[in-house]
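Got a structure for you, written out below as structure tokens; questions coming shortly.
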Amino acid sequence: MTPMTAPSEETHRLSISGMSCAGCVATVENALKAVPGVSEASVNFAEHTATVSGSADAGTLIKAVVDAGYEAAELRGAEDEAEKESAERAHYRGLLRKTLVAGLIGVPLFLAGLFGVMPGLASPGERVFWLAIAAATLFVLVYSGGHFYTGAWKAFKTHNANMDTLIALGTGTAWVYSTLITLFPDLVPSAARHVYFEAAAIIIALINLGSALEMRARGKTSEAIKRLIGLRPRTARVVRNGREQDVPIEEVGLDETLRARPGEKIAVDGVVIDGHSSVDESMLTGEPMPVAKAVGDEVVGGTLNKSGTFLYKATRIGKDTALARIIEMVRQAQNAKPAIGRLADRISAVFVPTVLLVAVLTFLVWYNFGPVEQSVYRLVATMTVLIIACPCALGLATPMSIMVGVGKAAEFGVLIRKGEALQTAGRLTAVVLDKTGTITEGRPTVTSLVPGEGFDPEQLLRLAASIETGSEHPLAEAIVDAAKHKALQPLSVSNFQAIAGHGVKGLVDGRAVLFGNVKLMKREGIALGNMPERVKALAAQAQTAMYLAVDGRVAGIIAVADPIKADSTAAIQRLHGIGLKVVMLTGDNPVTAEAVAKQVGVDEVMAEVLPQDKADKVAELQARGEVVGMVGDGINDAPALARADVGFAIGTGTDVAIESADVTLMRGSLHGVPDAIGISKATVRNIKQNLFGAFIYNTLGIPIAAGVLFPLLGQAGLLNPMIAGAAMAMSSVTVVSNANRLRWFKSGTRPA
């Protein structure tokens, strides 16, 4: 019997149509999560998409959405995205047409009523006129508002209620009441014989117009994704059988040789194998200066080749390219829901049923306690409650801001992988910086050669480089590279031995050579003379000094330093400027660590920390009450990055999928940290503004619509249903417009 293998997890993106409010989001999410094999499902109301992870196939997911009363289609690639965009443009134009038709009937009726030139309901001729108006308004409800009624019916069949339910009930009640009064005017007292055909038509027009304006503004929020997708080349120039030919990008295979010509986009990720050029990588890193590329250097698909021409070998294609992974990361972050967004979703899920109850209570209160001679007020108040309470703005408040904020961060070379990080980054009180590769370049270089008696600098370097050729010590490469730079040929080495925590030893050209720290020298009984004083002086300058001994006596000192990045000091000043405590974490000795700390201006130093202990140091700070951000290279810092409240991974253009971090800094610069924090604060502030506006709008609007001001102001205290429709439509437009203000976010002081 063959063992069963677990189905592999896949991620599907679906385009969802028919959603009208945040209540729909909860319905679609619940329908998707109920599908067997689905591990996670997230619906983005602002983008009208769903991202689903698990073993379920796309067909099953689409069926679940359709059964819930909505339409769905899978988004596989650029063609599907273009089709979705085209469909949205067509829908936008359709909404404008529906607005125009409803307005052409509703506005003249409203103006005629305003100037008192409309007939009454007394004579048969007048009633025939109003029946004609009823037929015209019915056409508006079917043509311009049909999607509301269809949506309401689908929601009803699945035992749900949404924005369509409220609009359909409000406008439908107005039409039915008006038609009944036209046919049977004696049903109500003469004072209550008022029709609301114009209200039904204008409400439909206003809500359609609001939806169109919202859709137009919403399209701007995903510009970051659109720009990234636009960077994808459509064709590649491959070299096959000695001939160069252009092929679709989908046909490029791994390890194929490709040509990059001046002014062309690089097709896929690869390694230069012939030629040289400079490449504009600003779309990845935000760095405006082109980067020189030569044989052996990595290039990234989507970046722009500036001047030269070169051949490169494809190393990543399709979904594995850096650009494809960046697009996926941005999408995931835009679909994410931080705590503040989940709160809004929970409220929205129960909001519509609550409003229906409020509408019923409004009718009952007016029926039992309202003035008898003005019984029509109960209809007006109930209809107005239904119209004004639509929670569109509430559902849009969080996702709109997140989409714009995450997209804006990507423009700064800051990739936010998790929506929670976008909210938490603005609350950080301390930032922990790994030293090597974060504050410093991470590429040590030989900075000092101090020969002892009987040795010269080149001899010293040649001996050290020879024995380090077989070493795996992190500083060995710097010494070997320095010798190569001076064209010093290595000597033969035998009996090589690496001594953990001490250094190396062996025979170099027949001479006994020791190379390492003071512990190695003491262990082997080497007299150091005045060399320790020199080592101490070098350590004060953040240089790591190592002793070289030959045939039992000290031959000199070689010092290696990891240069501080040019912008580290300025970035740390920016972190101080926004009130953050800056801590440096390093495995280096305290003297070297303090020297670096003094140069860049950090507040606290934690030295001689082993990689496995870094997470404990982060936990210590958290125990002190700090909200901690950890910045590291994402490799040996992975546990600390995961332990921190927000993990920032210093990445390069070809290493963006660092799973342990919440945020990836593409530019490799610490300036990305204050940029991310600034965007976080601006985004959360924007979300709160949106939520405040939406909550206040509904909190104040519903009681006024229900008629709480009537005892004080009389008829003037009642809200016109048409004004309620306009206010409801414009509340969504206001939320979307406010979110789009984030597109103008500017970072603090940083180098150009």
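The values are calculated or read from the model by the stated rules, or taken from the named source; none is laboratory data. Predicted model, so just to flag it, every value in this text is computed and none were measured. FYI the Cβ positions are ideal-geometry reconstructions off the backbone, even for glycines, and counts take in every protein chain you see. To get the accessible areas, we keep the full protein, side chains included, count just its heavy atoms, and leave off ligands, DNA and RNA. Shrake-Rupley method; radii C 1.70, N 1.55, O 1.52, S 1.80 Å.
For region 574-589, name all the residues that are in a helix (DSSP H, G or I) and either polar (S, T, N, Q) or open to solvent by 60 Å² or more (accessible area, probe 1.4 Å) (or both).
The initial filter retains those residues of region 574-589 that are in a helix (DSSP H, G or I), namely 574-577.
Answer for region 574-589, where residues must be in a helix (DSSP H, G or I) and either polar (S, T, N, Q) or open to solvent by 60 Å² or more (accessible area, probe 1.4 Å) (or both): His576, Gly577.
Of all residues in region 189-224, which are at pLDDT below 65 and open to solvent by less than 30 Å² (accessible area, probe 1.4 Å)? Walk me through it before giving the result.
Filtering region 189-224 down to residues at pLDDT below 65 leaves 189-192, 217-224.
Selection gives Ala192, Ala217, Arg218, Gly219, Thr221, Ser222, Ala224.
Which ones in region 127-163 are open to solvent by 30 Å² or more (accessible area, probe 1.4 Å), touching a helix residue (DSSP H, G or I) at 6+ places or on another chain (Cβ under 9 Å) and within 17 Å of Ala26 (Cβ to Cβ)?
Result: Lys154, Phe156, Thr158, Asn160.
Does region 239-256 hold any residues that are loosely packed, with under 13 Cβ neighbours inside 10 Å and within 37 Å of the chain's Cα centre (by Cα), and which are they?
The answer is Asp246, Pro248, Glu250, Glu251, Gly253, Asp255.
Between Tyr92, Tyr70, which is of a type in the set (Phe, Trp, Tyr), touching a strand residue (DSSP E or B) at 6+ places or on another chain (Cβ under 8 Å) and under 28 Å from Gly210 (Cα atoms)?
Tyr70
From the residues in region 400-433 that are open to solvent by 10 Å² or more (accessible area, probe 1.4 Å) and modelled with pLDDT of 85 or more, which one is nearest to Ala607 (Cα to Cα)?
Thr429
Consider only pairs whose beta carbons are under 7 Å apart and that are at least six residues apart or on different chains; among these, list those whose first residue lies in region 92-110 and is closer than 8 Å to Ala205 by Cα and whose second residue is at pLDDT below 90 and polar (S, T, N, Q).
Lys98/Asn208; Thr99/Asn208; Ala102/Asn208
Let's see how each residue does on (1) surrounded by fewer than 24 Cβ atoms within 10 Å (Cβ to Cβ); (2) in contact with a Ser or Thr (Cβ under 8 Å, 6 or more places away or on another chain); (3) more than 19 Å from Arg76 (Cα to Cα):
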site: Thr11; (1), (2), (3): yes, yes, no
site: Glu29; (1), (2), (3): yes, yes, yes
site: Leu32; (1), (2), (3): no, no, no
site: Val35; (1), (2), (3): yes, yes, yes
site: Glu40; (1), (2), (3): yes, yes, no
site: Val43; (1), (2), (3): no, yes, no
site: Gly59; (1), (2), (3): yes, no, no
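For region 258-282, which positions are open to solvent by less than 40 Å² (accessible area, probe 1.4 Å) and either closer than 13 Å to Phe310 by Cα or of a type in the set (A, V, I, L, M, F, W, C) (or both)? So that I can check it myself, show each step before the final result.
Filtering region 258-282 down to residues open to solvent by less than 40 Å² (accessible area, probe 1.4 Å) leaves 258, 260, 266-272, 275, 277-281.
Result: Leu258, Ala260, Ile266, Ala267, Val268, Gly270, Val271, Val272, Gly275, Ser277, Ser278, Val279.
Would you please list the contacts, defined by Cβ atoms under 8 Å and residues six or more apart or on different chains, that run from a residue in region 588-600 that is touching a residue at least 12 places away in the same chain (Cβ under 8 Å) to a residue that is small (Gly, Ala, Ser) and open to solvent by 60 Å² or more (accessible area, probe 1.4 Å)?
From residues that are touching a residue at least 12 places away in the same chain (Cβ under 8 Å), the pairs are Val591/Ala540; Ala595/Ala540.
Please indicate, with yes or no, whether at least one residue in region 693-707 is at pLDDT 85 or above and under 19 Å from the mean Cα position of the chain (by Cα). Reasoning before the result, please.
Kept after step one, since they are at pLDDT 85 or above, are these residues of region 693-707: 703.
If we keep only those that are under 19 Å from the mean Cα position of the chain (by Cα) too, we end up with none.
Taking every residue of region 693-707 in turn, none turns out to be at pLDDT 85 or above and under 19 Å from the mean Cα position of the chain (by Cα).
Examine region 92-101 for a residue that is under 30 Å from Ala324 (Cα atoms) and either among the polar types (S, T, N, Q) or in a strand (DSSP E or B) (or both), and state whether such a residue exists.
No.
Quick check, is Gln715 under 19 Å from Phe45 (Cα atoms) and surrounded by fewer than 22 Cβ atoms within 10 Å (Cβ to Cβ)?
Values: under 19 Å from Phe45 (Cα atoms): no; surrounded by fewer than 22 Cβ atoms within 10 Å (Cβ to Cβ): yes.
No: the conditions fail for Gln715.
Additional query: Determine the pairs where a residue that is in contact (Cβ under 8 Å) with a residue 40 or more places away in the chain, located within region 476-490, has a partner that is basic (Lys, Arg) with Cβ atoms under 8 Å apart, the partner being 6 or more residues away or on another chain.
Ala478/Arg443
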